[in-house]
Amino acid sequence: MINNTEILTARILIVDDQAANVHLLNEMLREAGYLAITSTTDPYAVAELHRQHAYDLILLDLQMPGMDGFQVMEALKQIKEDDYLPVLVITAQPAHKLQALAAGAKDFVSKPFDLIEVQTRIRNMLEVRLLYKKLAQHNQLLEQTVQERTAELRASEARFRRLTELSSDWYWEQDKHGHFTKIFGPVFEMLGLRFDEQLGTTRDGSDATWQTTERDLLEANIAARKPFLDFVYCRTDIHGITQYLMVSGEPIFDLQGRFTGYRGIGKDVTERLSEITASK
């Protein structure tokens, strides 16, 4: 919410070629407690003044010689600070009201002034303007936070990828169809697998033979959406060398409880099992 202090310290510019009108509006605003009031009788100066000071409200007379209020609004639109044109027009011509709103003005007051109406419209418009600015600031902060978090996640993933590349383990993720979506680590080099990134599938280029019973048991666990820990299965390459692999995995579910895939880790335990077997 916008408090009273924020409204009374909002920056206001009065634009009218008649000094008497400028004086009247200036005095009315100061008596109401507004503290940051600027005025000009030169319509050609308005755009540059707004560029420098970013007023929260511009009280703009429409009928001015040389450059009328409509032309002033067109000049203000060239300032790309935001999409909000904080203009309250002042006019004695009823036909100009709709035209002014169509040109970008946010509200209008009629001459001769009804001071109560003018004060009410000014306060209401300032409250809307300040809320708009707060929303824009919040969105900017939110966007910056998202960018920072995204950068952090990318850096974290890069570190994780590097660690898995330096280790003997690998990390994997699959979608609900069993296609790999992420693989980090030396699994392809170890197993002679090739990964098709477009299809998300692997192809065995080593002509190795997998132990069918173990693979079927692993596939059954995955089909049942069960987690598995330190599951060991083996494969035999074309040279008759048996390789033992140990994998752990868990199913992934979204916030609605729908299954979305699996993730897990794996490692080559051939050397470890060989040492255990040799020690017996």
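Details
- Complete set of residues in the stretch 218-241 that are assigned to a strand (DSSP E or B) and not aromatic (Phe, Trp, Tyr): LEU229, ASP230, VAL232, CYS234, ARG235, THR236
- Only one of the numbered conditions (1) of a type outside the set (A, V, I, L, M, F, W, C); (2) over 30 Å from HIS138 (Cα atoms); (3) within 39 Å of the chain's Cα centre (by Cα) is violated by ASP56, and that is (2).
- Answer from MET64, MET73 - the residue that is in contact with a Gly (Cβ under 8 Å, 6 or more places away or on another chain), over 21 Å from ASN4 (Cα atoms) and not basic (Lys, Arg): MET73
- Some residue of the stretch 242-260 being part of a loop (DSSP other than H, G, I, E, B), free of Cβ contacts under 8 Å to residues at least 12 places away in the same chain and among the charged types (D, E, K, R): yes
- Just one of the listed residues (LEU217, LEU199, LEU229) is exposed (fewer than 12 other Cβ atoms within 10 Å of the Cβ), modelled with pLDDT of 85 or more and not aromatic (Phe, Trp, Tyr), namely LEU229.
- Being among the small types (Gly, Ala, Ser), buried (at least 16 other Cβ atoms within 10 Å of the Cβ), in the same structural domain as GLN137 (by TED's automatic domain parsing) and touching a residue at least 40 places away in the same chain (Cβ under 8 Å) holds for only one residue in ALA10, ALA47, ALA54, and it is ALA10.
- Long-range neighbours under 7 Å by Cβ, at least six apart or interchain, first residue without any contact (Cβ under 8 Å) to a residue 60 or more places away in the chain and in a loop (DSSP other than H, G, I, E, B) within the stretch 168-179, second among the β-branched types (Val, Ile, Thr) and surrounded by fewer than 18 Cβ atoms within 10 Å (Cβ to Cβ): HIS179/THR201
- Test: VAL118 is closer than 19 Å to TYR34 by Cα and in contact with a Gly (Cβ under 8 Å, 6 or more places away or on another chain): no
- In the stretch 127-154, the residues that are acidic (Asp, Glu) reach residues that are part of a helix (DSSP H, G or I) with C-beta atoms within less than 8 angstrom, at least six apart or across chains, in these pairs: GLU127/ILE7.
- Which listed residue, of ILE122, ILE90, is closer than 18 Å to ASP16 by Cβ and part of a strand (DSSP E or B): ILE90
The values are calculated or read from the model by the stated rules, or taken from the named source; none is laboratory data. A quick note: this is a predicted structure, and the numbers were derived from the prediction, not measured. All Cβ positions, even for glycine, are placed from backbone atoms using ideal geometry, and neighbour counts span all protein chains on display.
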